[in-house]
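To start, the structure itself, in structure tokens.
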Amino acid sequence: MTKSAAIHSFEPPRRTLMGPGPSDIHPRVLAALARPIIGHLDPAFVEMMEELKSLLRLAFLTQNELTFPVSGPGSVGMETCFVNLVEPGDKVIVCVNGLFGTRMVDNVRRCRGEPIVIEDAWGEPVDPNKVEDALKHHPGVKVVAFVHAETSTGVVSDAKTLAEIAKRQGALTLVDAVTSLGGSELRVDDWGLDAVYSGSQKCLSCVPGLSPVTFSPLAVESVKKRKHPGQSWFMDLTLVLGYWSAGRRTYHHTAPINALYALHEALVLLAEEGVEQSWQRHRAMHERLKAGLERLGLDFLPAAPYRLPQLNAVRVPAGVDEAEVRRRLLTEYDLEIGAGMGQLAGKIWRIGLMGYGARTENVERCLSALAAVLG
Ligand code: PLP
């Protein structure tokens, strides 16, 4: 191969990431990534895996034995929950109040389950009364699935109440906590959530590509009682746990070793701060951002009680070219904010305050750049 000037290492620009994720990575997490690789069955690595599981239990506030990071992004965590819990013919209530809920419906169909779709407007939380009614009208529902923190709309739904309703009718809950874990109140055991998946790249401020999951004993029992093996080999929990269970450690797939060092470090940072303190920091930064946005004459899509502190869905004022604002923020201020998705495309911006990004300096940087660009 001849040497060419076009071949060189990639040097990314330095940006401040204040969109819907990935979020900025803490320097200690970046440093962890660069540590020397060891084998994925090395005793030192196996010890780290056990710590990682304990740290994840602290983050999820659960005692669930089955708690580990799936090798793959949040979407793989989502599929892991669906392919293990939903068998052909199973009735699943899916609450849709944004883009990620629609993906859940697709997951149920691909598992050949029967989705019962409950819709709420994009920008509104899931309505627990509709879920209660649907459970009464459809006996034998196995799972109630919903997105706790809808990243496409900046809305939080009442996971505790939804879980209580599902439990009363004997259904399991399957919960998307991709954006909530570490950023807003999430109590897996106290709220009785059964299968929960998250992502590494949002409020954990880690590299994308890992999906922490946790399954309650009831959810595990349901997986064990399956009549048919799930359609996915890679995501079959009964197989993957051969690697992640203490004492077994048989080869399943090659773990993303350095990414797991990074997740471990991100969780150490969270444990050092305290999970509840982290929620409070996200809330305080949201309040600061909100005050500044209001001074700029901007307002939010969701009503105040349902706003996610870590994902601020802000209405684009009439007459403003929203894409041009984002382009200028990126090129002139090295600042990334997110666009609206699906039916909210062109109507909102999504300003993330996630994990390491939920800091005063980021809030001020965003507000002053927005003030300059909006004139
Ligand atoms: N669920 C929610 C609520 C999300 O915000 C995302 C990603 O933004 C996902 C699922 C999918 O995660 P990933 O992009 O890591 O596959």
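What's the number of the condition A32 fails, among (1) part of a helix (DSSP H, G or I); (2) away from the ligand (no atom under 16 Å from the Cβ); (3) surrounded by fewer than 20 Cβ atoms within 10 Å (Cβ to Cβ)? Against the list (1) part of a helix (DSSP H, G or I); (2) away from the ligand (no atom under 16 Å from the Cβ); (3) surrounded by fewer than 20 Cβ atoms within 10 Å (Cβ to Cβ), A32 comes up short only on (3). R103 meets all of the listed conditions (1) crowded, with 23+ Cβ neighbours inside 10 Å; (2) within 11 Å of the ligand (Cβ to nearest atom); (3) free of Cβ contacts under 8 Å to residues at least 60 places away in the same chain but one, namely (1). Of the strands (runs of 3 or more DSSP E) that lie entirely inside segment 108-218, not one contains 2 or more residues that are within 16 Å of the ligand (Cβ to nearest atom), of a type in the set (D, E, K, R) and over 15 Å from the mean Cα position of the chain (by Cα). The condition (being surrounded by 10 or more Cβ atoms within 10 Å (Cβ to Cβ) and farther than 25 Å from A255 by Cα) is satisfied by just one residue among M18, M49: M18. Meeting the requirement of 2 or more residues that are modelled with pLDDT under 95, the helices (runs of 4 or more DSSP H) wholly within segment 230-324 are 237-244. Of all residues in segment 243-264, those satisfying the criterion of being over 30 Å from S23 (Cβ atoms), loosely packed, with under 14 Cβ neighbours inside 10 Å and not aliphatic (A, V, I, L, M) are G247, R248, T250, Y251. Which ones in segment 35-46 are farther than 15 Å from G247 by Cβ, of a type outside the set (D, E, K, R) and exposed (fewer than 14 other Cβ atoms within 10 Å of the Cβ)? Those that are farther than 15 Å from G247 by Cβ, of a type outside the set (D, E, K, R) and exposed (fewer than 14 other Cβ atoms within 10 Å of the Cβ): P36, I37, G39, A44.
Results for (1) of a type in the set (D, E, K, R); (2) in contact with an Asp or Glu (Cβ under 9 Å, 6 or more places away or on another chain); (3) on the phi > 0 side of the Ramachandran plot, shown as yes or no for each residue.
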position	(1), (2), (3)
T153	no, yes, no
A163	no, yes, no
V175	no, yes, no
V178	no, no, no
S184	no, no, no
D194	yes, no, no
Q201	no, no, no
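Return the total of residues in segment 43-69 being within 21 Å of E185 (Cα to Cα) and without any contact (Cβ under 8 Å) to a residue 12 or more places away in the chain. Qualifying residue count for the region: 1.
The values are calculated or read from the model by the stated rules, or taken from the named source; none is laboratory data. Note that the structure is a prediction, hence the values are computed from the model and not measured. Here Cβ is always computed from backbone atoms with ideal geometry, including for glycine, and neighbour counts include all displayed protein chains.
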